[in-house]
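Take a look at the structure below.
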């Protein structure tokens, strides 16, 4: 503890909580914060090192005072990860979303075919963001294959 943070040797024993909190914050703060590693299922310092919590293990009082502080003083970054199983799940999810959009579009098309032009004009005036759906805004491709972009990569999903 003292070798990592020599200032602690200089403090008198009854150190005020405000000073201890400042020391804890300085001890825990790291450049660029923490990064969550999906492949390891661990939170790490941005350069890949494990998070340094040795000071928290010195005594129960310090552990209690430092509880949760590391996450409050550092930014936590989550970067997307891609495995084959995740890719398959994302493709299925995207396919289901597209299917739901097509079903909604079909319902809107059926409803719009029963509406008078005055009713559609009223929708255009009152709900301008909703109106493009009446023009086939989603469009139904009918294709069982789909190309989409996931995390900067083009992915082709084929549903059977």
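For region 100-110, a residue qualifies if it is without any contact (Cβ under 8 Å) to a residue 24 or more places away in the chain and surrounded by 12 or more Cβ atoms within 10 Å (Cβ to Cβ), and exactly one does: 103. Selection of first residues in region 111-135 that are within 19 Å of residue 101 (Cα to Cα) and of second residues that are assigned to a helix (DSSP H, G or I) and at pLDDT below 75, restricted to Cβ pairs under 8 Å at least 6 apart or on distinct chains, gives the following pairs, ordered by first then second residue: 112/134.
Taking the residues in region 77-99 that are out of contact with any strand residue (DSSP E or B) (no Cβ under 7 Å at 6 or more places or on another chain) and over 28 Å from residue 43 (Cβ atoms) as candidates, determine which candidate is modelled with the lowest pLDDT. Steps first, please.
Filtering region 77-99 down to residues out of contact with any strand residue (DSSP E or B) (no Cβ under 7 Å at 6 or more places or on another chain) leaves 80-86, 88-89, 92-93, 96-97, 99.
Keeping just the survivors that are over 28 Å from residue 43 (Cβ atoms) gives 92, 96-97, 99.
Details: 92: 85, 96: 89, 97: 88, 99: 89.
By that ranking, first place goes to 92.
The values are calculated or read from the model by the stated rules, or taken from the named source; none is laboratory data. These figures come from a predicted structure and were not determined experimentally. Ideal geometry is used to build each Cβ from the backbone, glycine not excepted, and the neighbour counts take in all protein chains shown.
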